[in-house]
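Read the structure below first, then the notes.
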Amino acid sequence: MVEEDFRALVDALKRNSKVSFFAILKMDDFTDKWSLLFSGPRLSDTDKKKELFEEIIPLIYGAERLEREDVARIGILPLTNHLVKVIRERPVGSSLRNERANGNFIHEGHVLINRAGT
């Protein structure tokens, strides 16, 4: 169900070579909103993060069933980030339910893009 809700966004992101990882996570105790976590090569550079952010914002809010009020945060992190490393151990299609990942509690999560070797 969740994967289908984000199909258009995932398809668009797969065409972007800057994105090698995308997961959606519900991490807040009191709100039912998604955190969108993106990662890819060379994203430790602030200018590269900004460039990717400007590319993906129209894609995020053009996706079906995703409104601004559905998103808690958007994280664009380097592949070396600890949270990214932990979640990248899971294959595409994996779900997380009520578990910790590098000190972060994830109520619900889904790995939607995870390109190995990047």
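Which of Phe30, Phe105, Phe38 moves the most in a Gaussian network model of the chain with Cα springs under 10 Å?
Between Phe30, Phe105, Phe38, it is Phe30 that shows the largest mean-square fluctuation.
Classify segment 2-114 from the C-alpha gyration tensor, please: rounded if a/c falls under 1.5, else prolate or oblate depending on whether a/b exceeds b/c.
rounded
Do you know the relative contact order of the chain, to the nearest whole percent, from alpha carbon pairs under 8 angstrom that are 6+ apart?
Relative CO of the chain lands at 34 percent.
With only Lys, Arg, Asp and Glu charged, each at its Cβ (+1 for the first two, -1 for the last two), find how big the charge dipole of segment 2-114 is about the Cα centre; round to the nearest 20 debye.
About 500 debye.
Excluding same-chain residues fewer than 8 positions from Lys50, which lysines have a Cα within less than 16 Å of its Cα?
Lys18
Among the DSSP beta bridges whose two residues both lie in segment 2-114, what percent are antiparallel, rounded to the nearest 5?
70 percent
Using the beta-carbon distance between Arg68 and Ser94 and R0 = 25 Å, what value does 1/(1 + (r/R0)^6) give for FRET efficiency, to the nearest 0.05?
My answer for the efficiency is 0.40.
Calculate, in nm to one decimal, what Lys33 and Ala116 gain on full extension: separation in residues at 0.36 nm each, minus their alpha carbon distance.
27.1 nm
Mind checking which of Lys26, Lys14, Lys50 has the largest fluctuation in a GNM of the chain, springs on alpha carbons under 10 Å?
Comparing Lys26, Lys14, Lys50 in a Gaussian network model of the chain, the most mobile one is Lys50.
Which stretch or stretches of segment 78-118 have amide N atoms under 19 Å from the point lying 7 Å from Asp45's Cα along the Cα→Cβ direction?
Counting only backbone N, you get 78-81, 118.
Here, each number is a calculation from the coordinates, and none is a lab measurement. This one's a predicted model, so the numbers in the text were calculated from it and none came from an experiment. With ideal geometry, Cβ positions are generated from the backbone for all residues, glycine too; neighbour counts draw on all protein chains shown.
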